[in-house]
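Remarks on the structure that follows.
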Amino acid sequence: MNRAIVVALISAACNGAIGTLAYLRGRHNSLYRSFSVLSFSFAFWSLAYIGAWPDFSDPFRMKLLYTPLAWLPGAVLSFVWSFTGLPETARRRRTVPLYLAGAGLLGMLWTRAVSLQTYQYAFLAAAMPIFGIGLVLLFLHWKKADDRAERNRRGYLLAASCIAVAGALADGLSLLGHPIPKPGNLCLMLYSLIVLAAIGRHHLMDLRAATRQALTMAGVSLLLSILLTGIAWLTQLLEGPLFLNFFLLGLVLLALLPALWERFNTLFGRSLSARQARRDRALEELERSLDRASELQSISSMAQSTIRSVWGAEAQFLWAARVLRGLEPGPALQEPLLGLLATAPQVATLDSLGREERTKALYEALLDRQFEAVVPVLREGELVGAALLGPPVGGFYDLSGVRWLNRLSAALGRAVGGAELAAGLLRADRLAQLGTLAAGVAHEVRNPLSAMSGAIALLGQPLGEERRREYLDVLKEEIQRLDGIVAELLDYASPDARQARCSWAEVWGRAERLLRADWPGGVALLCRDEPADLAVSAAHLQQILHNLLRNALCAVQTRRPPAEKPEVLVTLSKQNGRALGSAVPGGQTFSFPGGGGRAVLEVADNGAGIPLDLLPRLFVPFAKASDGGAGLGLATVKRLAELYGGRVWAENLGQGARFTVELPLA
């Protein structure tokens, strides 16, 4: 095969592929649309060259060869102005006259109003200055690029355009009689190879998506070709007219083409886009998990796991401690990396950073640490951390990968903001509790101190022995009262969860013996239970029981008028499943960490009930309805229950009240 034919075939194939990819990448985008027109024009020219070769004497084939030249000047300027950012209205206003002039000249050629030679001279006179203007605009656009990676991308297109224009100029000069070889196809081949290299190196297009669409088009075209051949054969067999042929074709196309396109698109898309779909699903699951994260460590571990499963790459998270609010930072993001990322807070890969002066330091920092990409974590535009990603299994992060990393960066920023908000709310709640606690301690301690102060003042006066012992007893009682307040405060403030189990029967037996010693004889203490082992410390369960029973006894004794048969009923039952169910007022639900069964402890009385104004704050420290106690008993019950993943609530009955505590079974 002749060398010129081989070069023309390569040029046609490469430019046709580029045109297809550009069209499928963004046929609704003016830049890709004009780029595809250029590439298809070059492919058309190379194919027409093969048809006219070797003598170039057939008038029809020569007209086909020079047909693309009619719209080439308009397509060139449309692409250049789209690439350099000219507004669409201005671009159309400037290129439409060129397209119209080219269409008019082409019409004159095919109607033999002008000769082929006149057409060629008109093209050289009009197109060469336009091509020169295009090269100047591309050169100026290349010079304006600050980022090295962007300059490289523009440089590839500038070099390819220079080669294509050089080929057109050489062919034009040969028409004028200059002894110059015609390198048109060779230049177009080099142009296409440079553009393909730019697409591969700088990921200008999503090749997977474009390939899927191209295969779909090829499959549908193949089926249509077979279908047309069959219709033509059937028409010839039946000796039908040409109208019948086209009528049948129209019916078949209207019926089958949409379904065929959808089926082929799904078929090829299933195999080529499955990986991207898995990536998107993994990222969506990560985003949902990050919404519940409250610590940087959990945010880092969840993101690392997802990156490892999706890309097969390791990731290291670094955090800027000085800008985080209320979170434990973990590994620190230090200078100079912090300063380098602050100047360019965007997802970057080694390929995009390149080696230009502005990003050279960041490039070298990633290279020294053997990382391939950096994902900054921005909270409301402020850099709070970064994820350094190692090389993926595929070797590099393509265009779809960079988009995925941008979504990851946004998700991490939202997660950090949410964790900071949760930490701030928790801190504010703790401060509020501390204020309530301090006010309650001051109130409770003031009364014993006042009594002690009065007793001491009286002891300084001349007193008899009996009066003196009386005031000393007052001091002793108030000191014991202060000691009780401190003990209850310690129980509330610092309980420790203990990995232990206890038998309900043993705990209840011990608690009942202690209570019977000073339990009023007129108040019945009843128990209905079933054997159960609880995943709770015996001491903590006994304390819960003691506080609830003392509270119930107080309610029974303060009822006015007294109940005919005052009683306190203790009930323990076992329930399976994780949900709390409808027993909780308001329909609230919760789950134990282990997901096992639960024990329901109820203490009910027929006393005075809970005052309605006290019910919403019943478990707040120092909230109490009577003068007895410090008001920390029920708060301690709530804290101990929650310590083991349980919950406590209270409700008024027809007569009296009922307190319910849920605790995990062992």
(request) At least 1 residues that are in contact (Cβ under 8 Å) with a residue 60 or more places away in the chain and open to solvent by 20 Å² or more (accessible area, probe 1.4 Å) in each: list the helices (runs of 4 or more DSSP H) lying fully within the range 1-81 that qualify. (result) 3-26, 30-52
(request) Mind listing whichever residues of the range 295-310 are assigned to a helix (DSSP H, G or I), open to solvent by 50 Å² or more (accessible area, probe 1.4 Å) and over 20 Å from R279 (Cβ atoms)? (result) Q297
(request) Residue by residue through the range 627-639, note down the ones that are among the small types (G, A, S) and either at pLDDT 80 or above or open to solvent by 40 Å² or more (accessible area, probe 1.4 Å) (or both). (result) G628, G629, A635
(request) Please enumerate the residues belonging to the range 584-602 that are more than 20 Å from R639 (Cα to Cα) and at pLDDT below 80. (result) G586, G587, G595, G596
(request) Would you please list the contacts, defined by Cβ atoms under 7 Å and residues six or more apart or on different chains, that run from a residue in the range 101-114 that is among the aromatic types (F, W, Y) to a residue that is assigned to a helix (DSSP H, G or I) and open to solvent by less than 40 Å² (accessible area, probe 1.4 Å)? (result) W110/K63
(request) Take the residues in the range 518-569 that are in contact with a Phe, Trp or Tyr (Cβ under 8 Å, 6 or more places away or on another chain) and open to solvent by 40 Å² or more (accessible area, probe 1.4 Å), then tell me which one is modelled with the lowest pLDDT. (result) N551
(message) What's the number of the only condition in (1) part of a strand (DSSP E or B); (2) open to solvent by 30 Å² or more (accessible area, probe 1.4 Å) that L572 fails to meet?
(response) (2)
(request) Run down A170, A197, A159 and say which single residue is in contact with a Pro (Cβ under 9 Å, 6 or more places away or on another chain), at pLDDT 65 or above and surrounded by fewer than 20 Cβ atoms within 10 Å (Cβ to Cβ). (result) A170
(request) For the range 87-98, name all the residues that are under 15 Å from I130 (Cβ atoms) and either touching a Phe, Trp or Tyr at 6+ places or on another chain (Cβ under 6 Å) or open to solvent by less than 40 Å² (accessible area, probe 1.4 Å) (or both). (result) R91, T95
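The values are calculated or read from the model by the stated rules, or taken from the named source; none is laboratory data. Just so we're clear, the structure is a prediction, and the values are computed from it rather than from any experiment. With ideal geometry, Cβ positions are generated from the backbone for all residues, glycine too; neighbour counts draw on all protein chains shown. Quick note on the areas: whole protein, heavy atoms, side chains included, nothing else; ligands and nucleic acids left out. Shrake-Rupley method; radii C 1.70, N 1.55, O 1.52, S 1.80 Å.
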